[in-house]
Structures are given as structure tokens and as C-alpha cells.
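Below you'll find the structure, written out as C-alpha cells, and then a few comments.
The values are calculated or read from the model by the stated rules, or taken from the named source; none is laboratory data. None of these values were measured; they are calculated from a predicted model. Neighbour counts run over all protein chains shown; Cβ positions are idealised from the backbone, glycine included. Just so you know, the surface numbers come from the protein's heavy atoms only, side chains and all, with ligands and any DNA or RNA stripped out. Shrake-Rupley method; radii C 1.70, N 1.55, O 1.52, S 1.80 Å.
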Amino acid sequence: MYVEIQAPTRKPITVPALQAMKRDGCKIVALTAYDASFAYQLEVAGIDLVLVGDSLGMVVQGHDSTLPVTLEAMVYHCAMVCRGLRSSMLVADLPFMSYRDVDHALQASARLMAEGGAVMVKLEGGGWVCEIMQRLTEREVPVCAHLGLTPQSVHKLGGYRVQGRDAAAAEHLLDEARAVQQAGASLLVLEAVPATVAERISRELVIPTIGIGAGVDCDGQILVLYDILGITPGQRPRFSKDFLCDHGSIPKALRAYAEDVRSGRFPTSEHCY
Ligand code: KIV
């Protein structure tokens with residue numbers, strides 16, 4: 001088996017390019033990946049942004065949360081994914097506790113970027129995390145924020161639950177979204193929040209929002225790769241969709257996902273809260 005990467009047919013997706021996509025009303029198509037072969041498939045399908053998510057703890061390592069994922073594992077998977085990509089933007093999750101203070105966050109980000117090839121790191125939460133984001137961006141580390149259902153907080157949240165449902169929680173979410181933008185984040189993932197709240201945040205913020213269970217009005221969409229291929233054990237989350245069963249092959253499923261996101265056909269109301 002060998003992977004021969006064709007010359008890229010499109011320009012690399014950069015941080016300013018994502019900003020321009022929001023400005024021009026072009027949806028950002030994102031998926032997770034954990035190895036070089038799948039990364040190559042995503043590259044060929046024209047996926048704009050590939051996230052090495054700490055969801056790998058659940059879908060690859062078989063844990064029941066993302067908490068056991070180590071920085072070592074993130075660097076290892078990130079480097080593999082990087083070898084499969086040419087033009088898609090590579091983003092990597094900072095795993096649980098790796099950004100507990102500024103020094104750890106800087107060191108962890110340096111490893112993900114220098115050894116893993118990531119061009120951006122993702123951190124979960126607002127509040128105290130904003131200071132960390134600010135210090136990272138001051139040192140030229142592009143940052144993606146992640147609000148709403150933040151899986152690293154599963155025990156505090158009491159489970160994988162929709163966030164921002166009542167008026168006060170929605171206002172709090174909006175305040176946090178403003179704060180992460182102010183702290184320098186270039187991108188914001190919104191997970192499992194009502195579509196109306198995500199729409200408001202996406203309209204107000206200058207930076208692009210990427211939704212997962214957050215409705216069609218986000219500036220882009222992301223899903224866990226193994227969910228859209230129907231191979232994650234257990235029940236698929238409501239916000240996901242098995243594209244493989246409708247399209248018959250992995251390349252076709254990936255292309256269908258990309259087309260459905262770009263055209264606004266995905267997500268529909270059945271995938272939203
Ligand atoms: O870890 C992950 O895969 C994620 C996405 C689901 C957004 O954070």
C-alpha cells in the first residue's frame with residue numbers, strides 16, 4: 001500500500017482564507033481525522049478544515065470520554081494526519097489539562113505545531129480560558145475556541161447535554177462568544193446549542209463559527225468522521241448523519257457531505273436543537 005499525494009488543485013486553506021469564506025458567504029466544510037489514509041481521502045474530497053479531535057479518545061481508543069487523551073497521542077495522530085494533507089487546514093485539539101496554565105498551553109501548542117504540523121490549536125471553554133487564548137495568539141499561535149457542549153467538561157456538565165437552552169444560558173453563551181473573539185480566537189466551534197442561539201452568535205461575530213449540532217446558520221459545519229461513516233459504536237448523536245449508507249463508498253460519502261454543507265442541505269431540522 002502506498003499513498004501518492006497528487007499535486008494540490010486548490011490553494012492551501014489559511015486563517016485569512018477562512019475569514020474570507022465567512023465574508024463571501026461560503027460555508028466552511030470540516031471533519032475530524034486521525035490517520036494519514038483518511039486524511040488523504042478528506043484532502044481529495046476538498047474538505048476545507050481537518051481537525052485532529054480529542055474525540056479520538058472515544059472513537060479510536062475506545063474510552064467513554066475524551067479525558068484520558070494525552071498530548072503524546074495528539075502529537076502522534078496529528079503528525080500522521082499532516083502527512084495525508086496538502087491544502088486542507090490542519091487543526092489540533094489541546095487535550096484535557098494540557099492548557100491548564102499559560103506555560104503548559106504554549107509548550108503543548110508548540111509540539112502540536114512543530115511536531116504535528118497543526119496550523120491552529122483548539123481549546124474548550126470561555127472564562128479563564130480567554131487569558132490562555134490571548135497569550136497564545138500574542139505568540140502567533142492561531143486559536144480555535146469551542147463553546148456550548150464542551151466534552152472535556154462532561155463531569156461538570158453532568159453528561160453530553162445541549163447547552164444554552166434557556167434565555168439566561170443563551171445570553172451567557174453569547175457573552176462567552178464575544179469574549180473568545182476579543183481574546184484573539186480566529187474560529188469558534190459551537191457544539192450542541194439551539195440553532196437560534198448559534199445563528200445569533202454567527203451573525204454578531206466577525207470570526208467564523210463552525211457548528212456541530214448548532215444549526216444550518218453557522219458559517220461552517222464539522223462532524224466526527226467515524227459518525228458520518230456509521231462506524232462509531234453505540235447510538236449516533238442526533239446532530240450527525242450516516243452519509244456512507246446513502247452513498248455507498250467513502251469518497252462518495254465525503255463528497256456528499258461537502259456538497260450538502262456547501263449548499264445548506266445539511267444540517268436539517270432533524271439534526272438540530
Ligand atoms: O474532538 C472533536 O472531535 C471535536 C469536534 C467534535 C468538534 O471537538
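The residues of region 92-112 that are out of contact with any helix residue (DSSP H, G or I) (no Cβ under 9 Å at 6 or more places or on another chain) and of a type in the set (A, V, I, L, M, F, W, C) amount to a single one, Ala110. From the list Leu56, Leu90, Leu31, pick out the single residue that is within 12 Å of the ligand (Cβ to nearest atom) and under 24 Å from Glu259 (Cβ atoms). The unique qualifying residue is Leu31.
Arg86 falls short of the stated requirement of being within 29 Å of Lys156 (Cβ to Cβ) and open to solvent by 10 Å² or more (accessible area, probe 1.4 Å). A Cβ distance below 8 Å, combined with a sequence gap of six or more or placement on separate chains, defines the contacts here; from region 27-42, residues that are charged (D, E, K, R) reach residues that are part of a helix (DSSP H, G or I) in the pairs Lys27/Met21; Lys27/Val261; Lys27/Arg262; Asp35/His77; Asp35/Met80; Asp35/Val81; Asp35/Gly84. Here Pro208 meets the list (1) touching a His at 6+ places or on another chain (Cβ under 9 Å); (2) closer than 26 Å to Gln182 by Cα; (3) not charged (D, E, K, R) almost entirely, failing just condition (1). Is it true that Arg165 is in a helix (DSSP H, G or I) and open to solvent by 20 Å² or more (accessible area, probe 1.4 Å)? Answer is no for this residue.
To keep it simple, each residue is scored yes or no on (1) touching a helix residue (DSSP H, G or I) at 6+ places or on another chain (Cβ under 7 Å); (2) among the basic types (Lys, Arg).
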| site | (1), (2) |
| --- | --- |
| Thr9 | no, no |
| Pro16 | no, no |
| Arg23 | no, yes |
| Cys26 | no, no |
| Leu31 | yes, no |
| Ala36 | yes, no |
| Ile47 | yes, no |
| Leu56 | yes, no |
| Val59 | yes, no |
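Remark: Ala170 falls outside the filter, which requires a residue to be in contact with a Leu (Cβ under 8 Å, 6 or more places away or on another chain) and not in a loop (DSSP other than H, G, I, E, B).
Selection of helices (runs of 4 or more DSSP H) fully inside region 98-161 by the criterion of at least 2 residues being buried (at least 18 other Cβ atoms within 10 Å of the Cβ) and touching a residue at least 24 places away in the same chain (Cβ under 8 Å) returns 102-114, 129-138. Total residues in region 134-163 satisfying the condition of being under 19 Å from the mean Cα position of the chain (by Cα) and either more than 16 Å from the ligand (Cβ to nearest atom) or of a type outside the set (A, V, I, L, M) (or both): the figure is 14.
Yes/no matrix, rows are residues, columns are (1) farther than 17 Å from Ala30 by Cβ; (2) in contact with a strand residue (DSSP E or B) (Cβ under 8 Å, 6 or more places away or on another chain):
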position	(1), (2)
Leu223	no, yes
Asp227	no, no
Gly230	yes, no
Gln235	yes, no
Ser240	no, yes
Cys245	yes, no
Leu254	no, yes
Arg262	no, yes
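The combined condition, being farther than 23 Å from Tyr160 by Cβ and in contact with a Cys (Cβ under 7 Å, 6 or more places away or on another chain), is fulfilled by Leu112.
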